[in-house]
Amino acid sequence: MSKSPSLRLDRLLANLGYGSRREIGLLAKAGLIVLDGAPLRDADQRIAVTPDLSGRMVVDGEPLDPPPGLALMLHKPLGVTCSHKEAGPLVYGLLPERWRRRDPALSTIGRLDKETSGLLLLTDDGALLHKVISPKSNVAKRYRVALDRPLKGDEGMVLGSGAMLLDGEDKPLLPVEMEVEDETHVVVTLHEGRYHQVRRMFAALGNHVTALHRDRIGGLTLPDDLDAGAYRILTEADLRAVLDAPSVA
Ligand code: URA
């Protein structure tokens, strides 16, 4: 089994956004950082950063924030942007304020457009982020799509051909699976993530996407009880579902 990394207490808490190392030192001296029921008065001491630390450490009366290695699912509502710095409401504004000061920072794993809702993953773990977005992992993403005009009938065949070209690109799209719900509603599963891919695919097919919602990444489905704007920490089983789901294309 690999050994847990350890960090100085002041570094650990400063990296989680609790304040400067000096401020953490003062919290410790005041007996406000407690591990397994005993105050830690020396902020220089090294702490093993284990996944269970939030259940064992209390800071100023509250459980410690999740240690580094955090991964979340967020039900992205319409109208918020997947960016750290654009104007207007950002997905990071839906998370606890202190989490915006974490180092390493939380980032979205891929993006959804401002006007797309649904399952969005975030992590501070760069290796996990790359694993999920890497073409090698071939993690499938499923979208529910509402269209402006009725289907013509050839869309499933064109999307599934592996030969479709998007405007301005010369590499054909990987085959996309499409299920028809009714003449203006489809479910598509992508095996790559190009810029505005679903909207551009249907524009190339002479249609227009009026609503777009992602409900599945790999084998992880957006839970029905996770309301728009709410988030949940991913379990090991959730992460396995994202990465280990069989992918068809
Ligand atoms: N395709 C799009 O067009 N938009 C998204 O947000 C995701 C996939």
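The values are calculated or read from the model by the stated rules, or taken from the named source; none is laboratory data. What you see is a predicted model, and the numbers here were worked out from it, not measured in a lab. We place every Cβ from the backbone using ideal geometry, glycine too, and count neighbours over all the protein chains shown.
Do we have any residue at all in the range 123-130 that's farther than 19 Å from D238 by Cβ and surrounded by fewer than 21 Cβ atoms within 10 Å (Cβ to Cβ)?
The first filter runs over the range 123-130 and keeps only residues farther than 19 Å from D238 by Cβ, leaving none.
Scanning the range 123-130, I find no residue that is farther than 19 Å from D238 by Cβ and surrounded by fewer than 21 Cβ atoms within 10 Å (Cβ to Cβ), so the answer is no.
When the residues of the range 131-172 are narrowed to those that are among the charged types (D, E, K, R) and over 27 Å from N207 (Cβ atoms), which ends up surrounded by the most Cβ atoms within 10 Å (Cβ to Cβ)?
In the first step, residues of the range 131-172 are kept if they are among the charged types (D, E, K, R); the result is 131, 136, 141-142, 144, 148-149, 152, 154-155, 167, 169-171.
From what is left, the residues that are over 27 Å from N207 (Cβ atoms) are 131, 136.
Values: K131: 17, K136: 7.
Among residues in the range 131-172 that are among the charged types (D, E, K, R) and over 27 Å from N207 (Cβ atoms), the one surrounded by the most Cβ atoms within 10 Å (Cβ to Cβ) is K131.
Quick one: which helices (runs of 4 or more DSSP H) lie wholly within the range 120-221 and hold at least 3 residues that are out of contact with any Ser or Thr (no Cβ under 8 Å at 6 or more places or on another chain) and away from the ligand (no atom under 13 Å from the Cβ)?
126-133, 155-160
Restricting attention to the range 80-119, which residues are within 16 Å of the ligand (Cβ to nearest atom), within 12 Å of the chain's Cα centre (by Cα) and not small (G, A, S)?
Selection gives C82, V91, T108, I109, R111, L112, L119.
Pull up the range 222-237, narrow it to residues that are outside any loop (DSSP other than H, G, I, E, B) and in contact (Cβ under 8 Å) with a residue 24 or more places away in the chain, then point me to the one that is farthest from the ligand (Cβ to nearest atom).
If we filter the range 222-237 for residues that are outside any loop (DSSP other than H, G, I, E, B), which is where we start, we get 231-233, 236-237.
Add one more test, that the residue is in contact (Cβ under 8 Å) with a residue 24 or more places away in the chain, and what stays is 231-233.
On the way: Y231: 18, R232: 20, I233: 23 Å.
Residue satisfying both the conditions and the ranking: I233.
Checking the condition in contact with a Gly (Cβ under 8 Å, 6 or more places away or on another chain), under 22 Å from E97 (Cα atoms) and touching a residue at least 40 places away in the same chain (Cβ under 8 Å), which residue from L13, L32 passes? Working first, answer last.
Working: L32 fails: touching a residue at least 40 places away in the same chain (Cβ under 8 Å).
Going through L13, L32 in turn, just one is in contact with a Gly (Cβ under 8 Å, 6 or more places away or on another chain), under 22 Å from E97 (Cα atoms) and touching a residue at least 40 places away in the same chain (Cβ under 8 Å): L13.
Quick one: would you say G31 is modelled with pLDDT of 95 or more, outside any helix (DSSP H, G or I) and not charged (D, E, K, R)? Before the answer, list the steps.
Values: modelled with pLDDT of 95 or more: yes; outside any helix (DSSP H, G or I): yes; not charged (D, E, K, R): yes.
So G31 fits the description; yes.
So, R21, is that one touching a Gly at 6+ places or on another chain (Cβ under 6 Å), surrounded by fewer than 19 Cβ atoms within 10 Å (Cβ to Cβ) and either at pLDDT 95 or above or more than 24 Å from R240 (Cβ to Cβ) (or both) or not? Before the answer, list the steps.
Numbers: touching a Gly at 6+ places or on another chain (Cβ under 6 Å): no; surrounded by fewer than 19 Cβ atoms within 10 Å (Cβ to Cβ): yes; either at pLDDT 95 or above or more than 24 Å from R240 (Cβ to Cβ) (or both): yes.
Answer is no for this residue.
Quick one: which of V187, V180 is within 28 Å of the chain's Cα centre (by Cα), among the hydrophobic types (A, V, I, L, M, F, W, C) and closer than 21 Å to D113 by Cβ? Even if it seems obvious, please write down each step before you answer.
Working: V180 fails: closer than 21 Å to D113 by Cβ.
It is V187.
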